Amino acid sequence: MGPLAVQRPFFPEGPAVCHVYVLHPPGGIVGGDRLHIEARVGAGAHALVTTPAATKAYRTAGPPAAQESELVVEPGGVLEWLPQETILYDGADITLATRVHLEGDARFLGADLLCFGLPARGEAFARGRCRQVIEVWRDGRPVLVERGRFDGDGAVPAARWGLGGAPVLGTLVASPAPADTAVLLASIRARAEALPAGELASATVLGVGAALVVRTVGASTERASAFLRATWADLRPALLGRAPCPPRVWAT
């Protein structure tokens with residue numbers, strides 16, 4: 001079996017929305033692996049893409065690894081890109097890149113969740129390297145272009161202007177930003193205030209409604225995932241006009 005597979009689609013919301021699971025049968029990414037994912041949502045179509053489990057990037061003996069996702073959404077199309085977390089084992093060396101190309105009035109709602117080390121076991125990401133790329137473009141113009149440079153022995157993991165010692169970083173992007181951003185921002189910020197001490201979250205509108213970006217850092221993958229999924233549940237009706245319908249694999 002190849003390094004990536006697509007499970008048969010599900011239609012829990014009826015024929016208008018296709019739920020798709022991307023599988024990685026080998027179970028993890030090792031040094032030298034290069035995974036390239038391409039997805040295109042046609043005009044007027046709606047796809048929700050997730051993974052059945054966490055992606056794991058293992059320690060390398062030398063060669064770096066990479067996972068690149070190129071996502072295109074045609075006019076009138078909708079893509080919900082909601083993979084589960086990526087766990088970076090100590091000594092991993094990987095580039096994780098997600099590039100989204102929106103055309104016309106296409107809509108996008110996507111999440112990215114990184115866990116540095118295995119905090120539940122007390123294992124830190126003390127060595128290794130991660131380069132994170134998140135880009136969203138609309139009709140060839142940049143909406144969001146981010147570069148994350150995370151070195152286990154660098155300044156970013158511990159610095160207050162970086163992760164502040166938090167091993168978990170989550171990002172959620174909606175483009176365009178939903179119309180009623182004031183109500184949504186209030187809900188997201190209230191949820192952020194309920195996080196345990198030392199865990200943070202924020203929300204920002206970019207441009208004139210070009211995108212809404214939500215970020216969280218903390219000590220628990222489970223709490224960060226729950227925060228992002230609750231935020232997705234708020235944003236989905238506002239942006240897509242649909243009630244939340246979590247993929248059933250999230251409950252397994």
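Condition test on ARG215, is it within 20 Å of VAL133 (Cα to Cα), basic (Lys, Arg) and either surrounded by fewer than 21 Cβ atoms within 10 Å (Cβ to Cβ) or in contact with a Ser or Thr (Cβ under 9 Å, 6 or more places away or on another chain) (or both)?
In short, yes.
Would a scan of region 164-180 turn up a residue that is surrounded by fewer than 16 Cβ atoms within 10 Å (Cβ to Cβ) and on the phi < 0 side of the Ramachandran plot? Yes, region 164-180 has at least one match. In region 143-163, of all residues being within 18 Å of the chain's Cα centre (by Cα) and exposed (fewer than 15 other Cβ atoms within 10 Å of the Cβ), the one that is nearest to ASP93 (Cα to Cα) corresponds to ARG149.
Do we have any residue at all in region 21-35 that's touching a helix residue (DSSP H, G or I) at 6+ places or on another chain (Cβ under 9 Å) and of a type in the set (D, E, K, R)? Within region 21-35, not a single residue is touching a helix residue (DSSP H, G or I) at 6+ places or on another chain (Cβ under 9 Å) and of a type in the set (D, E, K, R). Considering region 1-54, and only residues there that are in a strand (DSSP E or B) and among the aromatic types (Phe, Trp, Tyr), the residue that is surrounded by the most Cβ atoms within 10 Å (Cβ to Cβ) turns out to be TYR21. Considering region 55-108, the residues that are over 25 Å from ALA5 (Cβ atoms), without any contact (Cβ under 8 Å) to a residue 40 or more places away in the chain and charged (D, E, K, R) include one that is surrounded by the most Cβ atoms within 10 Å (Cβ to Cβ), namely GLU103. Filtered by the rule that a residue be outside any strand (DSSP E or B) and in contact with a Gly (Cβ under 9 Å, 6 or more places away or on another chain), region 123-152 gives ALA124, PHE125, ALA126, ARG127, GLY128, ASP139, GLY152. Please verify whether ALA238 is hydrophobic (A, V, I, L, M, F, W, C), open to solvent by 40 Å² or more (accessible area, probe 1.4 Å) and at pLDDT below 95, treating the condition exactly as stated. For ALA238, the condition - hydrophobic (A, V, I, L, M, F, W, C), open to solvent by 40 Å² or more (accessible area, probe 1.4 Å) and at pLDDT below 95 - is not met.
Checking each residue of region 175-195 against the condition of being in a loop (DSSP other than H, G, I, E, B), in contact (Cβ under 8 Å) with a residue 40 or more places away in the chain, over 20 Å from LEU48 (Cβ atoms) and not hydroxyl-bearing (Ser, Thr, Tyr) gives at least one match.
The values are calculated or read from the model by the stated rules, or taken from the named source; none is laboratory data. Keep in mind that what you see is a predicted model, and the values were worked out from it rather than measured. All Cβ positions, glycine included, derive from the backbone under ideal geometry; neighbour counts span all protein chains shown. When the accessible area is computed, the model is the full protein with side chains, heavy atoms only, and any ligands, DNA or RNA have been set aside. Shrake-Rupley method; radii C 1.70, N 1.55, O 1.52, S 1.80 Å.
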